[in-house]
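I have placed the structure first, in the form of structure tokens, so that the comments after it can refer back to it.
The values are calculated or read from the model by the stated rules, or taken from the named source; none is laboratory data. Being a predicted model, the structure only gives us computed values, none of them experimental. As a convention, Cβ positions derive from the backbone with ideal geometry for all residues, glycine included, and neighbour counts pool all protein chains shown.
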Amino acid sequence: MHDLTPLNHSSPSTVSDIIGTVVAVQANFYQVRLDQPLINLNHSPISYLLCTRRTRLKKIGQQIMVGDRVMIEEPDYQDARGAIAQVLSRKTELSRPPVANADQILLIFALEEPLLEPWQLSRFLVKAESTKIPFLLCLNKVDLLTSSQQKEWQQRLGKWGYQPFFISVRTWQGLEELKNSLREKITILAGPSGVGKSSLINSLIPHIKQRVNGVSGKLQKGRHTTRHVELFELLEGGFIADTPGFNQPHLHCQPSQLIYYFPEARKQLKHASCQFSNCFHRGEPNCSLDKNWERYDHYLTFLEEVITQEEVNRQMGEQESTVKLKFKASGQEYYEPKLETKKYRRTSRREKHQNLQELYENQSLADLEKLQDGLDE
Ligand SMILES: Nc1nc2c(ncn2[C@@H]2O[C@H](COP(=O)(O)OP(=O)(O)OP(=O)(O)O)[C@@H](O)[C@H]2O)c(=O)[nH]1
Ligand SMILES: [Mg+2]
Ligand SMILES: [Zn+2]
């Protein structure tokens, strides 16, 4: 028989000793990075197990996501396989991309090629703020800028309330400092297409080059391509996940909350409050917000958007008995008609179809496409 003990040679391994992090999910298989490598009789360490999920978990509908901390039973040493017996409780959960226990988001933009576009950056920042997961802002391709241009951006973003990392994956500028912020954490990369997300991962972890290229590029941009997430292990400890670039994250939050996703306004409202607790800060009497800040226009535009979204949600709420918001394994949202009792199924299905039709007609196609993009809470 094969002997399997933790590398530290402490007490013999019991079932609950084997704990790891799910780094990839494919169909019904889970790739798990073990906290402590196991060694077999041949003294070869096993760091990864390919696992299935126990039927019991399947029965209770326990989903397993990338980033989940799991307990493994019945490891098969020969083939490096096992079965996930339990999923530990999650610290955080993102639905798009679907990742559990993310410690932080690394928002990355390029300063040039593609040119940094303030509105787009602002939208991503608001989206990141709304996830409540801490995030870092990183501006790449600093090699394409003069130092005075860099300083201008630094000052401008400082007024927005951010101190970004200025980096160049090409010249390695700023990467050591950035690496220190990734240590021992699960970090999710996010940002528009072409800004250098995959390049960054490839330079942080050179030995996985081919795998990361597989996740990236044009193939990922089609509407129906699978949005596959995978955690890559950093040499200094911790994991990082590449995501396919998306250019227009969709915002949805309570309209009255939106203002708090702008640090420069949040700071003001800490010291003063408006007459109305649900003030939208656009001309209400006795509004205490000073409107003289660069991104106030961004705020107003995004506010319109989230108010419209709230209205759509309300309409959907009214149809709650007929459609149900569901998530695909890839994290994509879709609406599915609920099934009712057999007696009414035939007629109500047609009605439900009509409801869905109306719902879709009320929104422009562009909005529906936007619904499919972006990070989610
Ligand atoms: N000048 C310059 N070019 C860079 C730098 N980092 C990456 N690039 C280039 O930018 C292009 C896009 O890089 P990717 O890493 O593929 O970008 P991505 O964010 O993964 O893009 P998607 O996968 O489409 O979301 C490549 O041609 C890189 O060589 C940099 O620091 N400076
Ligand atoms: Mg990429
Ligand atoms: Zn106000």
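Summary table below
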{"read-out": "Subset of the range 116-159 that is aromatic (Phe, Trp, Tyr) and within 23 Å of the chain's Cα centre (by Cα) - its residue that is surrounded by the most Cβ atoms within 10 Å (Cβ to Cβ)", "value": "PHE124"}
{"read-out": "Test: residue in the range 76-86 that is touching a strand residue (DSSP E or B) at 6+ places or on another chain (Cβ under 8 Å) and aromatic (Phe, Trp, Tyr)", "value": "yes"}
{"read-out": "Members of the range 146-168 found to be outside any helix (DSSP H, G or I) and closer than 28 Å to ASN292 by Cβ, listed by number", "value": "GLY161, TYR162, GLN163, PRO164, PHE166"}
{"read-out": "Number of the exception - THR243 against (1) modelled with pLDDT under 95; (2) of a type in the set (Ser, Thr, Tyr); (3) within 16 Å of ligand 3 (Cβ to nearest atom)", "value": "(3)"}
{"read-out": "Tabulated pairs, the range 269-295, first assigned to a helix (DSSP H, G or I), second within 9 Å of ligand 3 (Cβ to nearest atom), C-beta under 7 angstrom, 6+ apart or interchain", "value": "LEU269/ILE259; LEU269/LEU289"}
{"read-out": "Residue ID - nearest to ALA27 (Cα to Cα), chosen from residues in the range 316-329 that are exposed (fewer than 14 other Cβ atoms within 10 Å of the Cβ) and at pLDDT 75 or above", "value": "GLY317"}
{"read-out": "Some residue of the range 230-240 being in a loop (DSSP other than H, G, I, E, B), surrounded by fewer than 19 Cβ atoms within 10 Å (Cβ to Cβ), within 16 Å of ligand 3 (Cβ to nearest atom) and modelled with pLDDT under 95", "value": "no"}
{"read-out": "Unmet requirement for THR226, which otherwise passes all of (1) in a loop (DSSP other than H, G, I, E, B); (2) buried (at least 18 other Cβ atoms within 10 Å of the Cβ); (3) at pLDDT below 90; (4) not basic (Lys, Arg)", "value": "(2)"}
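Here is a yes/no grid of residues against (1) among the aliphatic types (A, V, I, L, M); (2) without any contact (Cβ under 8 Å) to a residue 40 or more places away in the chain; (3) in a strand (DSSP E or B); (4) farther than 25 Å from GLY237 by Cβ:
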{"site": "VAL25", "(1), (2), (3), (4)": "yes, no, yes, no"}
{"site": "VAL32", "(1), (2), (3), (4)": "yes, no, yes, no"}
{"site": "GLN36", "(1), (2), (3), (4)": "no, yes, yes, no"}
{"site": "ASN42", "(1), (2), (3), (4)": "no, yes, no, yes"}
{"site": "THR52", "(1), (2), (3), (4)": "no, yes, yes, yes"}
{"site": "GLN86", "(1), (2), (3), (4)": "no, yes, yes, no"}
{"site": "ARG90", "(1), (2), (3), (4)": "no, yes, no, no"}
{"site": "LEU107", "(1), (2), (3), (4)": "yes, no, yes, no"}
